[in-house]
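Take a look at the structure below.
The values are calculated or read from the model by the stated rules, or taken from the named source; none is laboratory data. Quantities reported herein were computed from a predicted structural model and do not represent experimental measurements. All Cβ positions, glycine included, derive from the backbone under ideal geometry; neighbour counts span all protein chains shown.
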Ligand code: TRP
Ligand code: ZN
């Protein structure tokens, strides 16, 4: 890597303490004045005072009231350095005044404007675009903020202390790093609520949105209250200010941000009504509101020492939001959803050129490390830790973490040492999960001899960029042994694999059992059987007592059927899966949301990865064709059962976003997919026309577009919703994601010229480009048109919004899976991007890593 690489090993504490921050903002779109008064104490004498600052126009700087002269300091593109000689010996105040132009800030980092409203995004390093400051998470200080502006609503962190016409003052008593600073100013409407904590604190809750959106906030408010209750009940954590505000913004680079007392959200993760939001939207809104709220303790009260420790707050907080959703919805289904997402995003990342440890040790642009590995794999590590040490030690460790580290900026070492103390275990081997990249491959085999059953496991991890050799990791394997005629011969237990190869024996069994291995995906590994049969899978799909492994067995059957078909096997190869599918249709016991998951086929990308793992070069068009063929075959084999299930799960009465009804809608749509393959879209059209909610409407529309019957319903949908920005994102996405692959790049290009393609809005950009990337066969069309279109738009977005451009470049991370011709085409596009003049640090780091 280059000399602009930041390394974990270079970490040094900041040699000053910031005792107090006082900020004054005079808002103006092109010339906002930021006045900062910092009270600073040196912790060690003799150091220069180094402050980060970018794109700031410095107007004045004073120490203890005296203006700095030219020789006192050095101003560069990245900050302000004040010479030691210009600094008083003890505590002093530094006052600076700078000017910034929020209206011209298209990167959506720092202070920017979205539809006439001012807002901020400071994580990870956006505060340095607001004022000169040590913009690093281990510098924590109390903030007091005064905002002056013509906007009716002026918000910042903490508690409101005073306000008048055109101004407001806020005080945040909890010391925080600058990345948690936030300011919002605009013509906003409030949907208010209230919560009394278990400690008796009365908290005012405010959800702030633009006029016209007030009637779409009820669900978000309820979700916030559920989150607050859950964190008290399950983690013993209460809220710590008198007010909690949450703002919805249309232009936002990611999902949401946990600024202290003032969470800021992408509006798609707040606003919901039955007519405009799908069941998945409702579930995500609840999860992300929980996630940001939970950060108040895991992230804000205890923060990260440096950005290498990002998983300390993100992995843990994802673990917390996943547990929350599992508790308030259906746990087994939630685990399956999470594992599907983990495999689709994190396993894919971990086996490609962008693989990195959960705790990276080097980066060029930290924004490029807000990844599935840090977040989702980071959460898996928490779950694994809990499985390894057991619930009692887990509970003790949790309490110790808050007792010991409240108010601190911590490391993964701090986190692990708490659990070493609580469990009495040495977690050195477990720590490899944080430092080593790559997904281990776990191969199991069984034997039965003289009444003794033996399970043998072998683990290995392929090299990843910069890490050629991998030591064995500790892998908790949840296992149960099933009886061939149903039920458990041995109840579930956890095996601890610590070696590269290890056997576990089981005695006292009356007959040879059927093993159910790695239940619930008890470790983020790729499981393979030395010798597995469709019979074993079909048995588990019908009889496993663990719902996750039951689903897993069906998924593997489906995947194998699709892989065989994609390689030209005869349709009869799919028989075991088609029969097992029929058995599940006939079994009324499992609940609808679980059945819906079992009836869905794996996506094209999953099949492609699976083939590649077996050393076979995937052909995206053949995979797509195989999925179409199997969909049709399943419909033909089971039409009566599918029709019955579709009819039996119809809902009437008022819409409820709760898991129960959402499961029925999901199941009906799952059936409708197969029936559409038979009738060409007649039933789907009826479904679309009768729909009274967005789940049914967009679900049926997607099927119709894919069936080539989308023109009229899509036009009707567009007419009805063209004024609704969030629904229009769905429309752009569906139009490309479900388009016939042969014409998907052309359809994407057409839509890119559509008057509503507001490409500077990240949601709209992601809808169109993400839609194309989701259409695997279209994106990977052999002539490279998909690649070219995609690269053209990354190049166009990069100068305006490098963060989003860089993030979207991950669509290319699977290039090594494909044939030489496709590889050459993708690499040529990446090369074209990487050699552009003025390319952002964000995108240039990504293209360099992607090219390897
Ligand atoms: N900390 C945020 C979260 O996980 C995510 C985040 C990081 C973010 N950087 C951002 C959000 C930039 C928006 C923009 O909840
Ligand atoms: Zn987070």
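Among the residues in the range 308-331, are any within 14 Å of ligand 2 (Cβ to nearest atom), more than 16 Å from the chain's Cα centre (by Cα) and surrounded by 21 or more Cβ atoms within 10 Å (Cβ to Cβ)? Before the answer, list the steps.
As a first pass, look at the range 308-331 and keep what is within 14 Å of ligand 2 (Cβ to nearest atom): 309-322, 324.
When the remaining residues are screened for being more than 16 Å from the chain's Cα centre (by Cα), the result is 309.
Subsequent filtering for residues that are surrounded by 21 or more Cβ atoms within 10 Å (Cβ to Cβ) retains 309.
There is at least one residue in the range 308-331 that is within 14 Å of ligand 2 (Cβ to nearest atom), more than 16 Å from the chain's Cα centre (by Cα) and surrounded by 21 or more Cβ atoms within 10 Å (Cβ to Cβ).
Which of (1) within 13 Å of ligand 1 (Cβ to nearest atom); (2) more than 27 Å from residue 702 (Cβ to Cβ) is the odd one out, the single condition residue 254 does not satisfy?
Evaluating residue 254 over (1) within 13 Å of ligand 1 (Cβ to nearest atom); (2) more than 27 Å from residue 702 (Cβ to Cβ) leaves (2) as the failure.
Test residue 230 against the criterion of being closer than 22 Å to residue 415 by Cα, touching a helix residue (DSSP H, G or I) at 6+ places or on another chain (Cβ under 6 Å) and surrounded by 18 or more Cβ atoms within 10 Å (Cβ to Cβ), and give yes or no.
It is false that residue 230 is closer than 22 Å to residue 415 by Cα, touching a helix residue (DSSP H, G or I) at 6+ places or on another chain (Cβ under 6 Å) and surrounded by 18 or more Cβ atoms within 10 Å (Cβ to Cβ).
When the residues of the range 247-267 are filtered to those that are within 12 Å of ligand 2 (Cβ to nearest atom) and in a loop (DSSP other than H, G, I, E, B), which remaining residue is farthest from residue 281 (Cα to Cα)?
Selected residue: 259.
Show the residue pairs that are 6+ apart or on different chains and have beta-carbon atoms under 7 Å apart, the first residue being within the range 107-128 and within 20 Å of residue 58 (Cβ to Cβ) and in the same structural domain as residue 55 (by TED's automatic domain parsing), the second being within 16 Å of ligand 2 (Cβ to nearest atom) and assigned to a strand (DSSP E or B).
109/121
Looking at (1) outside any helix (DSSP H, G or I); (2) touching a residue at least 60 places away in the same chain (Cβ under 8 Å); (3) away from ligand 2 (no atom under 13 Å from the Cβ), which is the only condition residue 273 fails?
(2)
Can you tell me which residues in the range 4-32 are assigned to a loop (DSSP other than H, G, I, E, B), free of Cβ contacts under 8 Å to residues at least 40 places away in the same chain and surrounded by fewer than 15 Cβ atoms within 10 Å (Cβ to Cβ)?
12
Quickly run through the range 227-251 and pick out the residues that are over 21 Å from residue 178 (Cβ atoms) and within 16 Å of ligand 1 (Cβ to nearest atom).
Of everything in the range 227-251, those that are over 21 Å from residue 178 (Cβ atoms) and within 16 Å of ligand 1 (Cβ to nearest atom) turn out to be 227, 231, 248, 250, 251.
Would you mind stating whether residue 588 is closer than 30 Å to residue 648 by Cβ, under 35 Å from the mean Cα position of the chain (by Cα) and assigned to a loop (DSSP other than H, G, I, E, B)?
Criteria met by residue 588.
Any chance you could count how many residues in the range 260-308 are within 14 Å of ligand 1 (Cβ to nearest atom), farther than 28 Å from residue 171 by Cα and in the same structural domain as residue 357 (by TED's automatic domain parsing)?
So the answer is 0.
Please pick out the residue among 382, 389, 366 that is surrounded by fewer than 23 Cβ atoms within 10 Å (Cβ to Cβ), within 12 Å of ligand 1 (Cβ to nearest atom) and not assigned by TED's automatic domain parsing to the domain that holds residue 175. Step through it out loud before you land on a result.
On the way: 382 fails: within 12 Å of ligand 1 (Cβ to nearest atom); 389 fails: within 12 Å of ligand 1 (Cβ to nearest atom).
Only one candidate qualifies: 366.
I'm checking my understanding of the structure. Among residues of the range 317-336 that are more than 11 Å from ligand 1 (Cβ to nearest atom) and either free of Cβ contacts under 8 Å to residues at least 12 places away in the same chain or in contact with a strand residue (DSSP E or B) (Cβ under 8 Å, 6 or more places away or on another chain) (or both), which one is farthest from residue 658 (Cα to Cα)?
320
Just need a number here: residues in the range 591-622 that are more than 27 Å from residue 650 (Cα to Cα) and part of a helix (DSSP H, G or I).
So the count comes out to 13.
List every residue pair whose Cβ atoms lie under 6 Å apart, where the two residues are 6 or more positions apart in sequence or sit on different chains, the first residue falls within the range 353-375 and is free of Cβ contacts under 8 Å to residues at least 60 places away in the same chain, and the second residue, located anywhere, is assigned to a loop (DSSP other than H, G, I, E, B).
Cβ pairs passing all conditions: none.
Within the range 510-527, how many residues turn out to be in contact with a helix residue (DSSP H, G or I) (Cβ under 9 Å, 6 or more places away or on another chain) and either part of a loop (DSSP other than H, G, I, E, B) or closer than 19 Å to residue 347 by Cβ (or both)?
Total satisfying the criteria: 10.
Considering only residues of the range 207-226 that are farther than 19 Å from residue 275 by Cα and surrounded by fewer than 19 Cβ atoms within 10 Å (Cβ to Cβ), which is nearest to ligand 1 (Cβ to nearest atom)?
Top of the filtered list is 226.
Which ones in the range 463-491 are loosely packed, with under 15 Cβ neighbours inside 10 Å and modelled with pLDDT of 95 or more?
463, 465, 466, 468, 469, 471, 491
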